[in-house]
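Data first, discussion second: the structure below is written as structure tokens.
The values are calculated or read from the model by the stated rules, or taken from the named source; none is laboratory data. As the structure is a prediction and not an experimental result, all values here were calculated from the model. Virtual Cβ from ideal backbone geometry, glycine too; neighbours counted across all protein chains shown. The area values use the complete protein model at the heavy-atom level, side chains included, leaving out ligands, DNA and RNA. Shrake-Rupley method; radii C 1.70, N 1.55, O 1.52, S 1.80 Å.
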Amino acid sequence: MKSQIIVLLSALVFQAHGACQPGFESLGENCYVILQVPASWGEALHYCQAMGASLAVIRNKQEEALIDEYIHRQHDLIRTGQLWIGGTDLLQEGIFLAPNSLETLTYFNWAPGQPDNIGTGQHCVSIFKDDAMLRWDDNNCDVKNWPLCQREPLENMIVVG
């Protein structure tokens, strides 16, 4: 009887390496979620951090292709014209930095004429949801958009079930 219980428990409990927490979708090496809450860029950053994540930082074309597919699948559910992603030039105009690491970003998919820093200053990076190529904009950081959050997969999570 005791050995049967041990076999049953070992079948129910396993280590999940590289799993995403509920609500996040696995894309490449990271996990992503679009939070359905209108927020300024700063608020969006805090909402992502509250979930153990950050605003998504897109570093290359391959990563962007995965994220673009995800956004296209979610398109009809998104209720804002743009999505916040990680990138700001608040510290120095024209030098875009990742929000947590402050690394200088080198990959961009700007929409034509962007970045333009129009008006009172646009310093936060967003993706145009309705642009077929999902190109980017430097937007006013106070605009209310939904955040695209990114986090690393969970490690050593014990799953029972």
Q: Report relative contact order for the chain in percent, whole number only (criteria: Cα-Cα under 8 Å, sequence separation at least 6).
A: 39 percent
Q) If you add up the charges near ALA111, with Lys and Arg at +1 and Asp and Glu at -1, over every other residue whose beta carbon is less than 13 angstrom from its beta carbon, what do you get? A) -3
Q. So how tilted is helix 41-50 from the main axis of the chain? Cα-based, degrees 0 to 90, rounded to 10.
A. 10 degrees
(Q) Counting only protein heavy atoms and a 1.4 Å probe, tell me what percentage of the chain's accessible area is made up of carbon and sulfur. (A) 57 percent
**Q.** Neighbourhood net charge (14 Å Cβ-Cβ; Lys/Arg +1, Asp/Glu -1) for LEU134
**A.** -3
Q | Inter-part distance where region 86-156 and region 48-65 are each reduced to a Cα centre, Å | A | 11 Å
Q: Would you kindly state the longest site-free stretch of the chain, with sites defined as GluC sites (Glu not before Pro) in a DSSP loop (not H, G, I, E, B) surrounded by at most 13 other Cβ atoms within 10 Å?
A: 30-92
Q.
Net charge around LYS144, counting only other residues with Cβ within less than 12 Å of its Cβ (Lys, Arg = +1; Asp, Glu = -1)?
A. -1
**Q.** region 45-102 - Kirkwood radius from inverse mean 1/r over Cα pairs (Å)
**A.** 12.9 Å
Q. If you place +1 on the Cβ of every Lys and Arg and -1 on the Cβ of every Asp and Glu, how big does the dipole about the Cα centre of the chain come out, in debye to the nearest 20?
A. 640 debye
Q) Mind listing which trypsin sites (Lys or Arg not before Pro) in region 31-133 are in a DSSP loop and have 16 or fewer other Cβ atoms within 10 Å? A) ARG59, ARG79
